[in-house]
Amino acid sequence: MVESEPIDASPIAAFDYLRELQCYRGEIDAAIASVIDSGALILGAEVLACEREFAALVGVKHAIGVASGTDALSLALRACGIASGDGVITVANTAVPTVSAIRAIDARPLFVDIDPGTLQMSVERLDELLQSSESEHVRCVLPVHLHGQGADMHAINALAARRGLVVIGDCAQAHGTAIAGRNVAQWAEISCYSFYPTKNLAAFGDGGMCVTHSDTLAEALRELRQYGFRGDRVAHREGVCSRLDELQAAILRVRMRYFQEAQLVRQRIADHYRQGLADCQLELPPLVPNCTHAWHQFVVRTSMRDELSAALRSARVGHGIHYPQPIHLMPAYEFLGYRAGDLPCTELAAAQILSLPMYPTLRDDEVERVISVVRGAVGGQPECNSHKRKT
Ligand SMILES: *Cc1c(COP(=O)(O)O)cnc(C)c1O
């Protein structure tokens, strides 16, 4: 139990940016110095190269660097012609920015419940919503690949195509996710990324990227991110200022060199957790057949979440909850008219999920310690997963 943990065990962080920085400090410093010395600070050679390299990494023709993941989503919506009053279907168990982006263009978020097994957008609930009168003004489906697990894009794209809806992917947690052997970036009209410092591919500040196969959408995104310019200082449409910073682009290029290796370490940590927790009284993250999980988070699920959290806290093991409150129940979005009980699977999951430490510099002995604390708190036989999908 918790009491048996050594009192002086050093803390395990939920996320440790400084430890990772040590791995390539010299290269980062050199990249920053080279930008500063170049005299080109905005949309220069580093952003261009970063876009090219990121497009190659995810296997999509165009990449357009922007200022954040939120901006990537709102500019993607605008580029696809989604406008004020249009409906955009997404999930409520995502990060708030997914919804901030929809609201930034004055569109209306509609929430569908999640699949209780995978925690991703439920295809059955999406189908129901699309057949109801509520979906009259819907123009777009915006699935989120939550925790690095892929949403069911085969089914979502099929349903969207039948209704002529645009599909935009929120891949902010899914750098490295693949579905049926194809990078998740390739499963939507535009796929949107964040480089927020905790993401699998991260800047040292804010940054984002839109990727698309479409020449037309790429051109629209390049105009939208910079005042509507086409390189001529004439606004051809109303745009904004949302550029990927040259310094962040240089940093991202260094980190991209370590990306595949870091993903393999995440996979190894996930395997380690799964092995160590296999017989515990909690639900491990499901493995979706044919999907490569990017392990942005390692999310376990238990009805004893508070006890587990307390045990981790007293053993000084950092952990998180992604996310504790579904967005449809947050005060800012009351005006959308949702109530508790509207999204039962989303609401139940929010009360039961917990994210264990997951980052490439987490050491094996630390993973062992996390496992032993979790086992002490919720050991025993596997619980009966009554909420699991019936197939
Ligand atoms: C991080 C994140 C975003 C937004 O990223 P920012 O760069 O912080 O704007 C959007 N969606 C999801 C699911 C995220 O995790």
For the range 16-125, which fully contained helices (runs of 4 or more DSSP H) count at least 2 residues that are within 16 Å of the ligand (Cβ to nearest atom) and crowded, with 20+ Cβ neighbours inside 10 Å?
45-58, 69-79, 96-104
Which numbered condition Leu287 misses (of (1) part of a helix (DSSP H, G or I); (2) aliphatic (A, V, I, L, M); (3) at pLDDT below 95):
(1)
Of all residues in the range 229-284, count the ones that are over 25 Å from the mean Cα position of the chain (by Cα) and surrounded by 17 or more Cβ atoms within 10 Å (Cβ to Cβ).
3
Counted residues, the range 165-186 - those being touching a strand residue (DSSP E or B) at 6+ places or on another chain (Cβ under 6 Å) and over 14 Å from Ala294 (Cβ atoms)
4
Looking at Leu165, Leu130 in this structure, which one is among the hydrophobic types (A, V, I, L, M, F, W, C), surrounded by fewer than 20 Cβ atoms within 10 Å (Cβ to Cβ) and either more than 18 Å from Ala76 (Cα to Cα) or in contact with a Lys or Arg (Cβ under 9 Å, 6 or more places away or on another chain) (or both)?
Leu130
In the range 175-202, which residues are closer than 18 Å to Cys50 by Cα and aliphatic (A, V, I, L, M)?
Ala185, Ile190, Leu201, Ala202
Within the range 157-179, how many residues turn out to be within 16 Å of the ligand (Cβ to nearest atom) and within 24 Å of Asp106 (Cα to Cα)?
6
Is it true that Leu329 is over 22 Å from Asp115 (Cβ atoms) and aliphatic (A, V, I, L, M)?
no
Picking from Arg253, Arg230, Arg274, which residue would you name as being part of a helix (DSSP H, G or I) and out of contact with any Leu (no Cβ under 9 Å at 6 or more places or on another chain)?
Arg253
What pairs come out if I take residues in the range 41-69 that are on the phi > 0 side of the Ramachandran plot and in contact (Cβ under 8 Å) with a residue 60 or more places away in the chain and pair them with residues that are surrounded by 20 or more Cβ atoms within 10 Å (Cβ to Cβ) and in a strand (DSSP E or B) whose C-beta lies under 6 Å away, six or more apart or interchain?
Gly59/Asn183
Of the listed residues (Gly81, Gly87, Gly44, Gly39), the one being over 18 Å from the mean Cα position of the chain (by Cα) and at pLDDT below 95 is Gly39
Within the range 180-196, does at least one residue satisfy the condition of being away from the ligand (no atom under 15 Å from the Cβ) and closer than 16 Å to His328 by Cα?
no
Of everything in the range 208-261, what is of a type in the set (Ser, Thr, Tyr) and in contact with a Cys (Cβ under 8 Å, 6 or more places away or on another chain)? Give them in sequence order.
Tyr227, Tyr258
Does Ala92 satisfy being at pLDDT 95 or above and closer than 28 Å to Gly228 by Cα?
no
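The values are calculated or read from the model by the stated rules, or taken from the named source; none is laboratory data. All values reported here derive from a predicted model rather than from experimental measurement. Every residue, glycine as well, gets a Cβ built from its backbone with ideal geometry; the counts of neighbours run over all protein chains shown.
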